[in-house]
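To start, the structure under review is shown below, and the notes come after it.
What follows is calculated from the coordinates using simple rules that are stated; it is not laboratory data. Treat the numbers as computed from the prediction; the structure is a model and nothing was measured. Every residue, glycine as well, gets a Cβ built from its backbone with ideal geometry; the counts of neighbours run over all protein chains shown.
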Amino acid sequence: AQNYYGEAVGHQTGYELRLAFYEKIQRLSFAFHDRVHTGDLITLGLLDLDGVRMFFSTGVLRVVLLGVLIGVGAYLLISTDPVLGLL
C-alpha cells in the first residue's frame, strides 16, 4: 500500500508539474526561445520533474515511515525499561 500510494502521489504531482512547465514554456517570448535550445529546456525540465516525482514517492514516505518506526521503537523500549530507554 505504501509503494502504491507513493507512486500514485508521485505520478499525479509529476503530471501537474509537467502541465505547468509546458504552459510556462509556451508563454515565454520568442526572444527567449531564440537564445535557449528547446531540447535543453525539455531535457532539464523533465529531469527536474522526475526528481520531484521521486522525492514524493520515496523521500516523503520514507521520512514518515522512519518517524513511526523510531517513535514506536522508543515507546516500546521506554515502556519495557525506562532507564535503558532513556539511555
### Query
Ordered by packing density, taken as the mean number of other Cβ atoms within 10 Å over each peptide's residues, highest first, how do 19-32, 39-52 rank?
39-52, 19-32
### the stretch 2-86, relative contact order [Cα under 8 Å, separation at least 6], %
43
### Query
By per-residue mean of other Cβ atoms within 10 Å, what is the highest-first order of 70-77, 6-13?
6-13, 70-77
#### Entry: Estimated Rh, the chain: Kirkwood, alpha-carbon pairs, angstrom
16.1
#### Entry: Helix axis angle, 61-80 relative to the chain longest principal axis, alpha carbon, degrees
10
### Query
Picking from R53, R62, R35, which is most flexible by a Gaussian network model of the chain using Cα springs under 10 Å?
R35
## Note on the structure
Dividing the helical contributions, -39500 (n - 2.57) per DSSP H run of n ≥ 4, by the residues of the chain yields a 222 nm value, nearest 500 deg cm²/dmol, of -28000 deg cm²/dmol
